[in-house]
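Asks: Input: one structure, supplied below.
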Amino acid sequence: MKEGLGYLMDIGVLTDYFYKYGNIIIFIIVFLEYANMPGFPSGVIMPLAGIWSSQGNVGFITTMVLSLLAGLCGSWALYFLGRYGGGIILQKYTKRFPKQKANIDQTIDRIKEKGCLGVFASKLIPVLRTVISLPAGVLKINFTGYTIASAAGIFLWNFVFVGAGYIFGESVLEMFM
């Protein structure tokens, strides 16, 4: 039960941030979420952005554009981290956590096989959608193709969650508070 209360406080804190800081907070929080920073779950962030949009604080299209741009910027940060240092990071990580090496190798093999289509599909799978950018950079996938595939996946993911918040509005928020 205690974890549930912490989750509720996070929703309250995020809601306060939306009201206090407006559009910039959508960008910052979504950027951090796509940069794979812990504590920024899209299942909470995106619907809240939709709710905030439904209340007339910012338009739905503006919210979608901000969330798409922020998602791309966060994804690019991990892509370039992977491209210019990811090999070393993955090496150190697999030395420290050798049981994860098989999973990482499998993910890299999938990206090699599927390319940008694999990036798009990965952007629609929780957890993998933020993590995929690092190995994509390590493999030096074509940046333009990576960006297009990422943008399509990010848009679809964000549209579903922001749209749910927009359509169902505060009635969903009241269930959690």
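The values are calculated or read from the model by the stated rules, or taken from the named source; none is laboratory data. None of the values given here were measured: they were computed from a predicted structure. Reconstructed Cβ throughout: ideal geometry from the backbone, glycine too, with neighbour counts over all protein chains shown. These area figures cover heavy atoms from the full protein model, side chains too; ligands, DNA and RNA do not enter into them. Shrake-Rupley method; radii C 1.70, N 1.55, O 1.52, S 1.80 Å.
Asks: For the stretch 59-101, name all the residues that are of a type in the set (Gly, Ala, Ser), without any contact (Cβ under 8 Å) to a residue 24 or more places away in the chain and under 19 Å from ALA136 (Cβ atoms).
Replies: Keep residues of the stretch 59-101 that are of a type in the set (Gly, Ala, Ser), which gives 59, 67, 70-71, 74-75, 77, 82, 85-87.
Those still in the list that are without any contact (Cβ under 8 Å) to a residue 24 or more places away in the chain too: 59, 85.
Passing the criteria: only GLY85.
Asks: From the list TYR79, TYR84, TYR146, exactly one residue is of a type in the set (Phe, Trp, Tyr) and more than 26 Å from ILE24 (Cα to Cα). Which is it?
Replies: Working: TYR79 fails: more than 26 Å from ILE24 (Cα to Cα); TYR146 fails: more than 26 Å from ILE24 (Cα to Cα).
Result: TYR84 is the single residue among TYR79, TYR84, TYR146 that is of a type in the set (Phe, Trp, Tyr) and more than 26 Å from ILE24 (Cα to Cα).
Asks: Listed residues ILE132, ILE111, ILE125; which is without any contact (Cβ under 8 Å) to a residue 12 or more places away in the chain, β-branched (Val, Ile, Thr) and open to solvent by less than 90 Å² (accessible area, probe 1.4 Å)? Before you say what the answer is, go through the steps one by one.
Replies: Values: ILE132 fails: without any contact (Cβ under 8 Å) to a residue 12 or more places away in the chain; ILE111 fails: without any contact (Cβ under 8 Å) to a residue 12 or more places away in the chain.
Testing whether each residue is without any contact (Cβ under 8 Å) to a residue 12 or more places away in the chain, β-branched (Val, Ile, Thr) and open to solvent by less than 90 Å² (accessible area, probe 1.4 Å) leaves just ILE125.
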